[in-house]
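Heads up: the structure comes next, in structure tokens.
The values are calculated or read from the model by the stated rules, or taken from the named source; none is laboratory data. This structure is a prediction, so every number in the text was calculated from the model and none was measured. FYI the Cβ positions are ideal-geometry reconstructions off the backbone, even for glycines, and counts take in every protein chain you see.
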Amino acid sequence: MAEINRAIKGTNDILPEESHNWQFVESKMLETAAQFGFKEIRVPVFEHTEVFLRSVGDTTDVVQKEMYTFDDKGGRSITLRPELTAGVIRSSIEKGLVNGALPQKLCYIGGCYRYEKPQAGRLREFHQFGVECVGAAAPNADAEVISLAKAVLENIGINKISLEINSIGCPECRKEYHKALKEYFSKNAETLCDTCKDRLDRNPMRILDCKSPVCKEIAENAPVVIDYLCDDCKNHFESVKAHLEAMNIDFTVNPKIVRGLDYYTRTVFEFVSKDIGAQSTVCGGGRYDGLISQMGGPQTPSLGFAMGIERLMMVLKAQNAAMPEAPTCDLFIATLGEKASIKASALCKELRDEGYKAQTDICGRGLKAQMKYANKIGAKFTLVLGDNEVETGKANLKNMSNSAERQIELNELVEELGEEIRKILFESIAEVF
Ligand code: ATP
Ligand code: MG
């Protein structure tokens, strides 16, 4: 196929038959976030490359292998965002949110771009919903943010999912840990992949996150960071766990979670699903107390998470979660001739003003083809208008589910249709009880 008819590898089109599910999921995300006091922020799809180098970290897979970076026509290095935290924090510093009333509770939905090997659950363009809680140091903030992630998952219909948490400490306790890791990995330095050989000196913790099977095997028995926590970090972690327990949020401590981005400190967590194969992490997050100062802002302890919406959709499908029905059409008005078409335009306008979903023929098709179309789009009712109906002001309103017809006055169409739709609604409620 010619390239003009082919989407870029690793991208997905979200077609009309599916997009209402996305609308449902996204609206639940924003509603749930609002319950916790989080407000939406929208930031650009691209940023100066430096924004990501500074925040995500130049020893991470994302920066070393996955970024879409290019020079624009003005010779500036630009990168399509591989995640949104960096841009949100850049904006919070630049627009002064970090100097306002803290905590700032922010949430976002948007596309992300990573040059990865496309496979199930791993795309080059994917979408994230996430939150950033800026300026909250206390351990109950960690529990609150985890509880928000869980509420989002539950509100979109995902109940079977497990939460894994860990603490990766602060730069202070990590000094000791890095020493221990260096010592451990130095024994196998020659067998590590080239990227990890370089990481050994610069950031040995990143080796734990390497996807190469050889490095994974070597990392299997590496020391775990949780054994190296300082007293403050230990107490913080204990308190996070106590708050989670108080909220009845089940979790397991997985000392192997280190997260793929450099900016994390202390609490890190993942929600993992057994139902979607190898790419099983649906949500990842944690605390990043040093990020804002690292990006030139004031020292501001903060935390957040991001969930991959495509992976969530896969879980919903695999778990057969109930999704809302696609919106259909309340009334399709089929027309014969110019006068009927003009009348139909007026009636559609009236119905839509009252909140109904109304459509009429806009292709100049014959009656049979119009009725076929009405059927295809799932119209609940149809009305056929010809010269005669326009003159007498009367027409037959047809219920498409049982073919029952009833003559109505056109100037009472809004009330009559309303009545019929209420009847259907009552019948369906009666069925449930
Ligand atoms: P992974 O280990 O799967 O590569 P990650 O650590 O790179 O994940 P994050 O950067 O923490 O992922 O992104 C948060 C979430 O975004 C992930 O948990 C996942 O649900 C989703 N995600 C990340 N990369 C992709 C991708 N290439 N395609 C689809 N979803 C993704
Ligand atoms: Mg990744």
**Message:** Condition first: under 24 Å from Lys241 (Cα atoms), within 13 Å of ligand 1 (Cβ to nearest atom), among the hydrophobic types (A, V, I, L, M, F, W, C) and assigned to a helix (DSSP H, G or I). Can you find one or more residues in the stretch 139-147 that meet it?
**Reply:** no
**Test for Ala278: is it within 16 Å of ligand 2 (Cβ to nearest atom) and either assigned by TED's automatic domain parsing to the domain that holds Glu66 or surrounded by fewer than 16 Cβ atoms within 10 Å (Cβ to Cβ) (or both)** = yes
**Message:** Could you go through the stretch 3-26 and let me know if any residue there is within 16 Å of ligand 2 (Cβ to nearest atom) and modelled with pLDDT under 95.
**Reply:** no
**Request:** Give Gly355, Gly337 a once-over and let me know the one that is under 21 Å from Glu412 (Cβ atoms) and either polar (S, T, N, Q) or not assigned by TED's automatic domain parsing to the domain that holds Asn155 (or both).
**Result:** Gly355
**Request:** Of the numbered conditions (1) in a helix (DSSP H, G or I); (2) within 16 Å of ligand 1 (Cβ to nearest atom); (3) among the hydrophobic types (A, V, I, L, M, F, W, C), Ile165 fails exactly one; give the number of that condition.
**Result:** (1)
**Asked** What are the residues in the stretch 252-270 that are within 8 Å of ligand 1 (Cβ to nearest atom) and either farther than 20 Å from Glu66 by Cβ or of a type in the set (Asp, Glu) (or both), if any?
**Response** Glu270
**Request:** Restrict the check to the stretch 168-185 and report whether at least one residue is within 30 Å of Gln35 (Cβ to Cβ), touching a residue at least 24 places away in the same chain (Cβ under 8 Å), in contact with a Leu (Cβ under 6 Å, 6 or more places away or on another chain) and in a loop (DSSP other than H, G, I, E, B).
**Result:** no
**Asked** Which condition breaks for Tyr288 when tested against (1) closer than 20 Å to Ser167 by Cα; (2) surrounded by fewer than 19 Cβ atoms within 10 Å (Cβ to Cβ); (3) in contact (Cβ under 8 Å) with a residue 40 or more places away in the chain?
**Response** (2)
**Prompt:** How do the strands (runs of 3 or more DSSP E) wholly within the stretch 294-370 filter down when requiring 2 or more residues that are among the polar types (S, T, N, Q) and either within 27 Å of Asn12 (Cα to Cα) or in contact with a strand residue (DSSP E or B) (Cβ under 7 Å, 6 or more places away or on another chain) (or both): which remain?
**Reply:** 358-360
**Request:** Select from the stretch 327-356 the residues that are hydrophobic (A, V, I, L, M, F, W, C) and surrounded by fewer than 15 Cβ atoms within 10 Å (Cβ to Cβ) and list them in ascending order.
**Result:** Ile342, Ala346
**Request:** Considering each of Val51, Val56, Val43, Val88 in turn, give the residue that is in contact with a Gly (Cβ under 6 Å, 6 or more places away or on another chain) and among the β-branched types (Val, Ile, Thr).
**Result:** Val43
**Item:** Which numbered condition Pro82 fails, given (1) within 14 Å of ligand 1 (Cβ to nearest atom); (2) crowded, with 20+ Cβ neighbours inside 10 Å; (3) part of a helix (DSSP H, G or I); (4) not hydroxyl-bearing (Ser, Thr, Tyr)
**Value:** (3)
